[in-house]
1. Helix 68-108 against the longest principal axis of the chain: what's the angle in degrees, Cα atoms only, rounded to the nearest 10?
2. Considering Cα pairs under 8 angstrom that are at least six residues apart, work out the relative contact order of the chain and quote it in whole percent.
3. Assuming 1.567 mPa s and 4 °C, estimate D for the stretch 13-89 with Stokes-Einstein, Rh taken as the Kirkwood radius over Cα pairs, in µm²/s.
4. Along each of its three principal axes, how wide is the spread of alpha-carbon positions in the stretch 67-120, in whole angstrom units, largest first?
5. So how tilted is helix 2-12 from the main axis of the chain? Cα-based, degrees 0 to 90, rounded to 10.
6. What does the helix-only formula give at 222 nm for the chain: each DSSP H stretch with n ≥ 4 adding -39500 (n - 2.57), the total divided by the residues, and the result rounded to the nearest 500 deg cm²/dmol?
7. Assuming R0 = 25 Å, what is the FRET efficiency of residue 114 and residue 94, from their Cβ-Cβ distance, to the nearest 0.05?
8. Compute the helix-to-body angle for 40-61: its Cα long axis versus the longest principal axis of the chain, expressed 0 to 90° and rounded to tens.
């Protein structure tokens, strides 16, 4: 009878890691690495933020069921994802602005633009 009580107490104290803790951390780091790869960092950062929000909600419902290290992985991955998403957004915005300027220059004087490009 005493063994059954010890087993049930150990079962109640058993903590697991959050399901997406590693994925959020990896995607957050990759979003920083890929922030200058034409939007891939933006996609990975957004996915990491969605998964992080889901796991933080899961943790808030029952904090004693999950390990503190997995929560710290979620928080670190979330910070990396925010950084990667912001840098990627700025980069994509600059590319769009450059394409608009390039297109406006071309459509303003297509022949002059082609001649200028051939001389360079």
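1. Tilt of helix 68-108: around 10 degrees.
2. RCO, the chain: 33 percent.
3. Approximately 107 µm²/s, per Stokes-Einstein.
4. 65, 19, 9
5. 20
6. -27500 deg cm²/dmol
7. 0.50
8. 20
Where a number appears in this text, it was derived from the coordinates with a stated rule and is not lab data. Since this is a predicted model, take the numbers as computed values, not measurements. No Cβ is skipped: glycine too gets one built from the backbone with ideal geometry, and neighbour counts run over all protein chains shown.
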